[in-house]
Amino acid sequence: MKKKMLLIPLALLLVVSLIACATPAPAPTASTTVTATAPAATTTVTAPAPTTTAPAPTTTAPKLSYKWRMSSVIPTGDPGIALLEQFTEIVKENSNGRIVIDSFPGNLLGDWQSAYEETMRGTIELDVTCLSSVYDPRTGLVYTPYLATSWNDIKKLYAPGGFVYDTIGDILRVQGIELLSSYPSDFMGVGLRGDAPPSPKDPDVDKGLKIRVWADPAPEKIIEWFGYMPTVLPWSEVYTSVQMGVVDGVCTNLVSQYLWLADITDVWIYDRSLFEGWFFIMNAELFASSPLKIRISSGGLLLRYKLSELIWLKEKKRKTCRVSVTREPRSYFSPMRN
């Protein structure tokens, strides 16, 4: 009886378990699901910097102006002075006033040799001068005895394309100098203070007179050959030396003798053994780099202003004042002043 009573609760427990197993699982409760979505990659496009370049400043470079000095052995009173003044005016006009040239005639800037040296260095820009063989013996070409004996010879030798002009131009360029033009002066002679010596051109007669010459073998030998004693002196000391009797006379060209030494000259001994040509020169570096070559060439000058045109003026003067070997009173020079 007791066993039957124990089986009843076991049977009930089994039924309950079966029922529990047969019951479906409850449906899950609806819930909102939030899904984290990765943000889409964002491509950042950087705008390029503006490529517009600022315009260059339009400021025009200032126009330079130039003020140059022109030395000259040409003394005041020579017709060449007016020609040089005309040259400076043409340069000023063709450069629109940018190039002003101050002219210093009559060696106002110093002895011709020192002015020549300064032209080589560029401290003096332009110069009208004679040449010395001190810097290059080849420049003694212009003093070659009897290289020319007439003005027709001079016109051929000293014009552009002539032997003297072209050869001297090449020689000067080596020294840093540009040849601009020739300026034929005159044939040489001897001016004396006092009486003329006997047989003044006879080489066998010793004159016993000291004659100033410049530092060049040609005039030294010529004067010595004529029977005089050559004495080298700078031109700046000539007047005082003649006046004080240091020398008895001067070897130079007739134009210079008249314009510089007329009042202390009693006798002029004219000779054609030597000719003195002057030259219009400029510092070569300045010539190559300056606007002068550009500005003036547009006006047709190219710095080749023809000072050589004075040849005809010199010829005219020479005919009015030519004196052979003779003694003349000092008043001989007075008609030349006119």
Exercise. With respect to Leu131, determine if the residue is touching a residue at least 60 places away in the same chain (Cβ under 8 Å), buried (at least 22 other Cβ atoms within 10 Å of the Cβ), more than 14 Å from the chain's Cα centre (by Cα) and under 17 Å from Gly169 (Cβ atoms).
Key: yes
Exactly one of Ala215, Ala262 is in contact with a strand residue (DSSP E or B) (Cβ under 8 Å, 6 or more places away or on another chain) and surrounded by fewer than 20 Cβ atoms within 10 Å (Cβ to Cβ), and that residue is Ala215
If you go through Val174, Val164, Val100, the only one that is modelled with pLDDT of 85 or more and within 17 Å of Leu274 (Cα to Cα) is Val164
Restricted to the stretch 242-272 and to residues being among the charged types (D, E, K, R) and part of a loop (DSSP other than H, G, I, E, B), the residue modelled with the highest pLDDT is Asp248
* Based on what the data block shows, is Leu233 within 30 Å of Phe287 (Cα to Cα) and either surrounded by fewer than 22 Cβ atoms within 10 Å (Cβ to Cβ) or out of contact with any His (no Cβ under 6 Å at 6 or more places or on another chain) (or both)? -> no
Scanning the stretch 227-241 for residues that are of a type in the set (A, V, I, L, M, F, W, C) and either assigned to a strand (DSSP E or B) or at pLDDT 90 or above (or both) gives Met229, Val232, Leu233, Val238
Log entry, pairs with first residue in the stretch 185-210 being farther than 13 Å from Val267 by Cα, second being exposed (fewer than 13 other Cβ atoms within 10 Å of the Cβ), beta carbons closer than 7 Å, six or more apart or on different chains, reads Val205/Pro198
Considering residues that are over 30 Å from Tyr239 (Cα atoms) and either in a strand (DSSP E or B) or in contact with a Pro (Cβ under 8 Å, 6 or more places away or on another chain) (or both), the number found within the stretch 85-107 is 4
Per the filter on the stretch 264-279, residues over 14 Å from Val164 (Cβ atoms) and of a type in the set (A, V, I, L, M, F, W, C) are Ile264, Val267, Trp268, Ile269
Considering residues that are within 28 Å of Thr149 (Cβ to Cβ), in contact (Cβ under 8 Å) with a residue 60 or more places away in the chain and of a type in the set (Ser, Thr, Tyr), the number found within the stretch 223-255 is 1
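The values are calculated or read from the model by the stated rules, or taken from the named source; none is laboratory data. What you see is a predicted model, and the numbers here were worked out from it, not measured in a lab. Quick reminder, even Gly has a Cβ in these numbers, built from the backbone with ideal geometry, and neighbours come from all protein chains shown.
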